[in-house]
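Peer 1: A single structure is presented below for examination.
The values are calculated or read from the model by the stated rules, or taken from the named source; none is laboratory data. The model shown is predicted, which means the values in this text are computed figures rather than measured ones. Note that we place each Cβ from the backbone using ideal geometry, even for glycine, and neighbour counts take in every protein chain shown. Ligands, DNA and RNA are stripped out before the accessible areas are found, and what is left, the full protein with its side chains, is counted by its heavy atoms. Shrake-Rupley method; radii C 1.70, N 1.55, O 1.52, S 1.80 Å.
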Amino acid sequence: MKKKGLYQIKDPDKKVKEYTLSVLTEDKAGLLNSITIILNRRKINIDSLNVSTTEVKGVSRFTIVVSSTKEKIIKVVNHINKLIDVLGAFLYEEDEIYYQEIALYKLSTKIFLKGDLVEKIIIRKYGAKILKIEKDHTIIQKTGTKAGTQKLYDELKKFGEILEFARSGRVALSKKKRKTINFLRTLEKTKSNKLNI
Amino acid sequence: MKEITGSEALIKSLIEEDVNTIFGYPGGAIMPIYDSLYSYLDKIKHILTRHEQGAIHAAQGYSRVSGKVGVCFATSGPGATNLITGIADAQIDSTPLVCITGQVPSQLLGTDAFQESDVIGISMPVTKWNYQITNANEIADIISRAFYIAKSGRPGPVLIDITKDAQFSNVSFNYKKCDKIRSYHPYPIIKKTKIKEAAKIINNSKKPLILVGQGILLSKAENELLQLSEKTGIPVASTLLGLSAISCHHKNYVGYLGMHGNYGPNLKTNEADLLIAIGMRFDDRVTGDTTKYGINAKVIHIEIDPSEIDKIIKTDVAINADAKEAILNLIPHLKKNHHENWINEFRTCDKVEYEKIIDKEINVVEDKILMADVINRISNLTKGKSIVVTDVGQNQMVTSRYYKFSESNSNITSGGLGTMGFALPASLGAKIGQPKREVIAIIGDGGIQMTIQELATISQYNIKVKILILNNNFLGMVRQWQELFFDNRYSFTEMKNPNFNIIADGYGIKNNKVENKNDLDKCLKEFINYDGSYLLNVVVEKEENVFPMVPSGESVSNIRLE
């Protein structure tokens with residue numbers, strides 16, 4: 001794990017693919033703007049974005065999903081790494097991370113009166129759960145990939161109108177064995193704050 | 001501890017950072033800071049420009065010649081937005097600046113208060129870092145951070161916005177210089193393996209070419225560059241901002257790269273088997289068509305900013321490090337060598353360029369004044385030892401071609417952003433930064449009118465800069481493109497200019513006008529030798545083109561001599 005590692009382009013791949021950026025930052029106001037400005041400059045649209053605190057106090061994690069060519073996204077990551085308050089920006093393809101999204105579905109409660117929908121579809125097949133049952137509506141929650149939550153959406157739609165639907169941004173962790181605090185310690189120890197001549 | 005106001009804490013912080021000159025313009029939201037400054041005039045000099053854009057360009061000129069961080073003050077709203085062009089210029093040309101802007105009181109933020117603008121939001125894409133201070137307790141820490149960030153690594157502009165209530169409130173002052181930020185690593189640790197790989201390629205190359213940029217000047221690696229070139233015998237070419245990093249008279253110097261650069265280094269880029277780029281970023285004005293650039297060459301890129309590596313040109317070996325440190329590490333691994341035949345190929349190109357272009361421009365028989373001739377004479381008169389501050393356009397390209405720099409840090413120009421109006425204020429800043437050196441601003445008749453108000457600043461503080469207007473009553477570079485690529489359709493490039501000499505008189509600046517070639521030498525001598533500011537209005541040929549030229553988007557091999 002190398003601080004603000006330089007991503008170098010080995011063979012430029014012109015194919016547009018989905019990439020996940022995981023950016024560890026100091027918890028500072030305005031950083032979201034700084035990061036999106038860099039994506040915007042190269043006309044990269046954000047598919048999903050999530051910002052949250054991490055297990056280390058004062059450190060935030062941005063998880064950004066974008067579609068781009070590898071060549072372009074590497075340049076973007078190098079630029080994000082340059083931001084003063086960014087601790088480290090990492091670029092992942094789908095098979096390099098564990099990731100999940102969460103979806104909430106609001107349905108009319110009367111749909112559930114039509115037989116064994118709940119048991120068969122929601123609980124067993126999709127691993128979803130019922131979050132809340134009210135008189136006029138019920139909330140179902142499912143975590144998974146975008147494709148998985150979409151599948152459940154399509155399935156539920158067959159039974160009646162979905163009143164409201166919301167999907168979160170992706171959260172992701174790398175498959176590598178890594179500890180944020182160790183990464184920060186390495187950063188703090190690096191003697192790259194001064195010229196060594 | 002005795003408490004002081006936030007504004008006084010700011011001034012004391014600047015003194016802690018060895019700031020002795022500030023360029024600025026007061027206004028409502030920065031008045032407490034100006035009031036505190038008034039008590040410290042024995043330690044800090046303030047230059048009141050006539051526009052905030054003038055202040056920031058002056059700070060840029062000051063920084064570029066002195067190597068110090070340039071500092072400027074502006075008020076909120078329009079004061080702050082007027083800085084933006086200069087900030088963008090400093091960002092793209094890596095100039096360390098700390099810009100202090102006043103801001104409306106914190107309780108009014110976001111309310112469209114009088115002279116409120118979201119300068120943090122506006123400046124975010126063009127600053128290395130910015131921050132808004134709303135609490136006086138933050139001032140000392142943030143200012144020390146600002147200076148550390150501005151000058152370390154690849155330098156750049158920092159903007160600090162301070163609300164008026166933070167300036168007024170009391171704070172106990174305790175200053176500690178910043179030398180570390182855990183999320184910021186300005187000096188990458190050099191990789192020995194990369195040094196060895198690079199050395200091996202260099203030692204085996206037959207036709208290597210060193211391309212130097214401003215990185216040499218910023219890391220003060222001029223001597224190391226000479227050692228590198230002299231030990232290996234490798235020729236050196238320079239980008240626009242790299243000019244003066246090596247003397248134009250050095251035996252291994254082969255010229256200026258880019259769109260209007262010299263014939264040899266452009267053409268030979270595609271014959272070289274190795275390009276060693278040091279502290280330069282392969283700007284499109286240098287590379288032309290990147291798919292037809294360095295076609296026979298391996299590329300070694302020595303660059304402090306990791307995001308520049310592989311951005312435009314793919315490298316074979318990238319050394320992500322400070323230029324001076326990298327060269328010092330590299331030299332012991334390099335074999336002593338010479339490349340006389342290869343350098344002679346450049347000299348053959350020089351002859352072609354001389355016959356086809358230079359000779360016709362500097363030895364004109366007719367009674368017409370050409371820009372090239374003027375600059376060549378100035379170069380000879382000053383022995384290439386002056387600081388030359390150029391604006392943007394033909395004046396800039398001709399000066400870069402014909403001024404033979406013999407001293408380091410002598411070429412101040414707006415390279416990346418290409419900001420017209422840069423030269424006049426930058427020159428006054430440069431003169432303050434290097435008062436013992438001759439400073440000559442070379443400006444077109446278009447550019448001077450963008451910041452002409454700074455003549456008042458020059459006059460008020462008796463700043464002894466020389467101002468040369470190359471006056472063709474045209475926006476010359478645009479006109480040249482219209483002639484070459486737009487069928488001579490001179491759409492809005494011709495100008496009816498004011499009488500620049502009467503204007504200079506109005507500002508109380510000595511001046512003269514040259515229209516006759518016979519008067520040129522005498523007038524230039526008087527201009528150079530005069531002890532004081534002087535504006536010389538030289539009326540040059542109306543439709544002169546700058547050649548050679550690599551047409552936009554074409555390969556450097558297609559460099560045109562006519």
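Peer 1: Among the residues of region A:124-169, how many are in a helix (DSSP H, G or I), open to solvent by 40 Å² or more (accessible area, probe 1.4 Å) and modelled with pLDDT under 90?
Peer 2: Number satisfying all stated conditions: 3.
Peer 1: Any idea which of B:187, B:175 is among the aromatic types (Phe, Trp, Tyr), more than 30 Å from the chain's Cα centre (by Cα) and open to solvent by less than 50 Å² (accessible area, probe 1.4 Å)?
Peer 2: B:175
Peer 1: Also: Restrict the check to region A:15-25 and report whether at least one residue is more than 14 Å from chain B (Cβ to nearest Cβ), modelled with pLDDT of 95 or more and under 18 Å from residue B:183 (Cβ atoms).
Peer 2: Yes, region A:15-25 contains a residue that is more than 14 Å from chain B (Cβ to nearest Cβ), modelled with pLDDT of 95 or more and under 18 Å from residue B:183 (Cβ atoms).
Peer 1: How do the pairs read when you match residues in region A:125-143 that are more than 17 Å from residue A:157 (Cβ to Cβ) and hydroxyl-bearing (Ser, Thr, Tyr) with residues anywhere that are modelled with pLDDT of 95 or more and outside any loop (DSSP other than H, G, I, E, B), using Cβ under 6 Å and keeping only pairs 6 or more apart or on different chains?
Peer 2: So the pair list comes out as A:143/A:100; A:143/A:102.
Peer 1: Keeping to region B:346-359, report how many residues are in contact with a Leu (Cβ under 9 Å, 6 or more places away or on another chain) and open to solvent by 90 Å² or more (accessible area, probe 1.4 Å).
Peer 2: Here the count works out to 1.
Peer 1: Can residue B:127 be described as in contact with a Gly (Cβ under 8 Å, 6 or more places away or on another chain), buried (at least 17 other Cβ atoms within 10 Å of the Cβ) and within 13 Å of another protein chain (Cβ to nearest Cβ)?
Peer 2: Criteria met by residue B:127.
Peer 1: Turning to a different aspect of this structure: Scan region B:130-151 residue by residue and report those that are among the small types (Gly, Ala, Ser) and surrounded by fewer than 20 Cβ atoms within 10 Å (Cβ to Cβ).
Peer 2: Listed by number, the list holds a single entry, B:144.
Peer 1: Can you confirm whether region B:7-21 contains a residue that is assigned to a loop (DSSP other than H, G, I, E, B), open to solvent by 10 Å² or more (accessible area, probe 1.4 Å), in contact with a Leu (Cβ under 7 Å, 6 or more places away or on another chain) and not polar (S, T, N, Q)?
Peer 2: No, region B:7-21 contains no residue that is assigned to a loop (DSSP other than H, G, I, E, B), open to solvent by 10 Å² or more (accessible area, probe 1.4 Å), in contact with a Leu (Cβ under 7 Å, 6 or more places away or on another chain) and not polar (S, T, N, Q).
Peer 1: So which residues in region A:150-185 are more than 10 Å from every other protein chain (Cβ to nearest Cβ) and farther than 30 Å from residue A:123 by Cβ?
Peer 2: Passing the criteria: A:174, A:176, A:177, A:178, A:179, A:180, A:181, A:182, A:183.
Peer 1: Here is a list: A:106, A:110. Which entry is among the charged types (D, E, K, R) and open to solvent by 70 Å² or more (accessible area, probe 1.4 Å)?
Peer 2: A:110 is the lone residue from the list that is among the charged types (D, E, K, R) and open to solvent by 70 Å² or more (accessible area, probe 1.4 Å).
Peer 1: Moving on to the next point. In this structure, is residue B:283 over 21 Å from residue B:201 (Cβ atoms), touching a Gly at 6+ places or on another chain (Cβ under 8 Å) and within 14 Å of another protein chain (Cβ to nearest Cβ)?
Peer 2: no
Peer 1: Of the residues B:361, B:345, B:353, B:366, which is away from chain A (no Cβ under 14 Å) and within 19 Å of residue B:297 (Cα to Cα)?
Peer 2: Checking each option against the conditions leaves just B:345.
Peer 1: Considering (1) hydrophobic (A, V, I, L, M, F, W, C); (2) in contact with a Cys (Cβ under 9 Å, 6 or more places away or on another chain); (3) not in a strand (DSSP E or B), say which one residue B:114 fails and leave the rest.
Peer 2: (2)
Peer 1: Does region B:152-172 hold any residues that are closer than 30 Å to residue B:107 by Cα and either away from every other protein chain (no Cβ under 14 Å) or open to solvent by 10 Å² or more (accessible area, probe 1.4 Å) (or both), and which are they?
Peer 2: Residues satisfying the conditions are B:162, B:163, B:164, B:165, B:166, B:167, B:168, B:169, B:170, B:171, B:172.
Peer 1: Specify which of the listed residues (A:80, A:84) is of a type in the set (Val, Ile, Thr), surrounded by 15 or more Cβ atoms within 10 Å (Cβ to Cβ), touching a Phe, Trp or Tyr at 6+ places or on another chain (Cβ under 7 Å) and in the same structural domain as residue A:31 (by TED's automatic domain parsing).
Peer 2: Exactly one of A:80, A:84 is of a type in the set (Val, Ile, Thr), surrounded by 15 or more Cβ atoms within 10 Å (Cβ to Cβ), touching a Phe, Trp or Tyr at 6+ places or on another chain (Cβ under 7 Å) and in the same structural domain as residue A:31 (by TED's automatic domain parsing), namely A:84.
Peer 1: So, one more: Suppose we filter region A:68-88 for residues that are at the interface with chain B (Cβ under 9 Å from one of its Cβ atoms) and not in a helix (DSSP H, G or I); how many remain?
Peer 2: 6
Peer 1: Name the strands (runs of 3 or more DSSP E) wholly inside region B:284-401 in which the number of residues that are farther than 30 Å from residue B:425 by Cβ, free of Cβ contacts under 8 Å to residues at least 60 places away in the same chain and under 23 Å from the mean Cα position of the chain (by Cα) is 1 or more.
Peer 2: B:298-303
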